[in-house]
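Visitor: Got a structure here, written out as structure tokens. Questions coming.
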Amino acid sequence: MPTSVRLDPETELLLRRLARRSGRSKSDVLREALHRMAERSAEVEAEASVYSLIRDLVGAARRGPADLARRHKQAYREALARKHRQ
């Protein structure tokens, strides 16, 4: 199915170079790029749970006051005061 796409000169040059280097048509290069983007998007959607977004942070903080959420303003002021003293 024919589709028309308008490209800025820089993107057109990039597309031509990629096609020439790979020995494929510009249409083939665009098709492959779209397929790769779709695959990547599907992978991101599959992993987009809240836990998956922060899993590398879970367990990263091993110590700290248990009541920090309740006294965060006081803890922040104390941290600023310590920094100012240094």
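Bear in mind that the values in this text are calculations on the coordinates, not laboratory data. Keep in mind it's a predicted model, so treat the numbers as computed, not measured. All Cβ positions, even for glycine, are placed from backbone atoms using ideal geometry, and neighbour counts span all protein chains on display.
Visitor: At 0.692 mPa s and 37 °C, plugging the Kirkwood radius over alpha-carbon pairs of the chain into Stokes-Einstein gives what diffusion coefficient in µm²/s?
Guide: D, rounded to a whole number, is 177 µm²/s.
Visitor: Nearest 0.05, what FRET efficiency do GLN86 and SER49 give at R0 = 35 Å with Cβ-Cβ as r?
Guide: Step by step, r from the Cβ atoms, then E = 0.30.
Visitor: While we're here: Among ARG17, ARG70, ARG55, which one shows the biggest mean-square fluctuation in a GNM of the chain, springs joining Cα atoms closer than 10 Å?
Guide: Among ARG17, ARG70, ARG55, the largest mean-square fluctuation in the Gaussian network model of the chain belongs to ARG70.
Visitor: Next question. Go through LEU34, GLN74, VAL44 and say which Cα lies farthest out towards the positive end of the charge dipole of the chain; charges sit on Cβ, +1 for Lys and Arg, -1 for Asp and Glu.
Guide: GLN74
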